[in-house]
1. Go through region 72-105 and count every residue that is in a strand (DSSP E or B) and surrounded by fewer than 13 Cβ atoms within 10 Å (Cβ to Cβ).
2. Answer yes or no as to whether residue 67 is outside any strand (DSSP E or B), surrounded by fewer than 20 Cβ atoms within 10 Å (Cβ to Cβ) and either at pLDDT 95 or above or touching a helix residue (DSSP H, G or I) at 6+ places or on another chain (Cβ under 9 Å) (or both).
3. Got a sec? Which of 32, 10 is on the phi < 0 side of the Ramachandran plot, part of a helix (DSSP H, G or I) and within 10 Å of the chain's Cα centre (by Cα)?
4. Can we say residue 35 is in contact (Cβ under 8 Å) with a residue 60 or more places away in the chain and either surrounded by 13 or more Cβ atoms within 10 Å (Cβ to Cβ) or in contact with a strand residue (DSSP E or B) (Cβ under 8 Å, 6 or more places away or on another chain) (or both)?
5. If you take the residues of region 38-52 that are part of a loop (DSSP other than H, G, I, E, B) and touching a residue at least 40 places away in the same chain (Cβ under 8 Å), which of them is surrounded by the most Cβ atoms within 10 Å (Cβ to Cβ)?
């Protein structure tokens with residue numbers, strides 16, 4: 001049996017921008033992507049700590065070292081710059097493998113720095 005488990009997450013990053021006129025996705029600083037074991041175009045869930053909103057989208061690379069977390073397109077209506085969010089990715093794996101799997105969890109510092 002395959003089950004879906006948390007693969008990795010960025011815990012409590014700060015939204016730096018919200019761009020309603022972009023076609024969609026979340027832009028994430030490439031340093032943060034590497035640390036959290038995310039790849040471009042990967043599906044993620046975003047949980048807004050400030051208002052409880054939850055949404056799914058996909059990742060696009062942001063400028064390395066910028067600290068950028070930008071919700072684009074319709075998702076921009078569900079966040080405000082300054083909101084704290086958790087960005088979570090999931091993976092499918094065998095049930096027995098999942099019992100010992102350890103996800104990557106990153107706790108960025110102020111300014112979304114590692």
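The values are calculated or read from the model by the stated rules, or taken from the named source; none is laboratory data. Only a predicted model underlies this, so the values are computations on that prediction, with no experimental measurement involved. Reconstructed Cβ throughout: ideal geometry from the backbone, glycine too, with neighbour counts over all protein chains shown.
1. Summing the residues that are in a strand (DSSP E or B) and surrounded by fewer than 13 Cβ atoms within 10 Å (Cβ to Cβ) in region 72-105 gives 2.
2. no
3. Residue meeting the stated conditions: 32.
4. The answer is yes for residue 35.
5. 38
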